[in-house]
1. Taking the residues in the range 40-49 that are open to solvent by less than 60 Å² (accessible area, probe 1.4 Å) and small (Gly, Ala, Ser) as candidates, determine which candidate is nearest to residue 7 (Cα to Cα).
2. Show the residue pairs that are 6+ apart or on different chains and have beta-carbon atoms under 6 Å apart, the first residue being within the range 68-88 and of a type in the set (S, T, N, Q), the second being at pLDDT below 95.
3. With the structure loaded, tell me whether residue 37 is surrounded by 15 or more Cβ atoms within 10 Å (Cβ to Cβ), over 22 Å from residue 101 (Cα atoms), in contact with a Leu (Cβ under 9 Å, 6 or more places away or on another chain) and not charged (D, E, K, R) or whether it fails that test.
4. Across the range 102-113, what is the total count of residues that are within 16 Å of residue 11 (Cβ to Cβ) and open to solvent by 40 Å² or more (accessible area, probe 1.4 Å)?
5. What are the residue pairs meeting all of these: first residue in the range 91-110, first residue of a type in the set (S, T, N, Q), second residue open to solvent by less than 70 Å² (accessible area, probe 1.4 Å) and in a loop (DSSP other than H, G, I, E, B), Cβ atoms under 9 Å, and 6 or more apart or on different chains?
6. Under the condition of being among the aromatic types (Phe, Trp, Tyr) and open to solvent by 20 Å² or more (accessible area, probe 1.4 Å), which residue from the range 50-101 is farthest from residue 40 (Cα to Cα)?
Amino acid sequence: QVQLVESGGGLVQAGGSMRLGCAASGSIFSINVMGWYRQAPGKQRELVASITDGGITNYADSVKGRFTISRDNAKNTVYLQMNSLNPEDTGVYYCKAQTTYRNYWGQGTQVTVSS
């Protein structure tokens with residue numbers, strides 16, 4: 001089992017920055033990929049960024065150059081640094097841990113970008 005606890009989120013003005021954190025606990029050795037997803041009202045959940053246990057990153061086209069995913073192995077935490085935020089980035093952001101056998105999700109944290 002893997003437990004995920006997200007931090008960060010809130011309200012920010014367009015053009016601002018915010019950092020999200022996702023702390024993993026439990027069977028963390030089984031995690032292959034960590035990722036951030038978001039779900040806007042009335043839309044499907046979509047991948048924002050992911051990072052493998054080898055440090056390979058992947059980003060949605062809409063956030064490339066603005067968001068950075070990173071991991072602190074000592075703290076078992078993955079971060080999402082979000083810069084140049086715009087209202088289209090508004091949504092609930094979820095952390096996901098992918099293992100060989102299943103995926104685990106965090107509870108989600110709301111990010112609201114005001115224009």
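The values are calculated or read from the model by the stated rules, or taken from the named source; none is laboratory data. None of these values were measured; they are calculated from a predicted model. Neighbour counts run over all protein chains shown; Cβ positions are idealised from the backbone, glycine included. Protein only, heavy atoms only, side chains kept; ligands, DNA and RNA dropped before computing areas. Shrake-Rupley method; radii C 1.70, N 1.55, O 1.52, S 1.80 Å.
1. Pass one, the range 40-49, residues open to solvent by less than 60 Å² (accessible area, probe 1.4 Å): 40, 47-49.
Now restrict to residues that are small (Gly, Ala, Ser): 40, 49.
Numbers: 40: 18, 49: 16 Å.
That would be 49.
2. Matching pairs, first to second residue: 76/28.
3. On the way: surrounded by 15 or more Cβ atoms within 10 Å (Cβ to Cβ): yes; over 22 Å from residue 101 (Cα atoms): no; in contact with a Leu (Cβ under 9 Å, 6 or more places away or on another chain): yes; not charged (D, E, K, R): yes.
So residue 37 does not fit the description; no.
4. Matching residues across the range 102-113 total 2.
5. 99/27; 109/8; 109/9; 110/9; 110/90
6. First, pick out the residues of the range 50-101 that are among the aromatic types (Phe, Trp, Tyr): 59, 67, 79, 93-94, 101.
Subset that is open to solvent by 20 Å² or more (accessible area, probe 1.4 Å): 59, 79, 94, 101.
On the way: 59: 17, 79: 20, 94: 11, 101: 28 Å.
So, considering only residues that are among the aromatic types (Phe, Trp, Tyr) and open to solvent by 20 Å² or more (accessible area, probe 1.4 Å), the one farthest from residue 40 (Cα to Cα) is 101.
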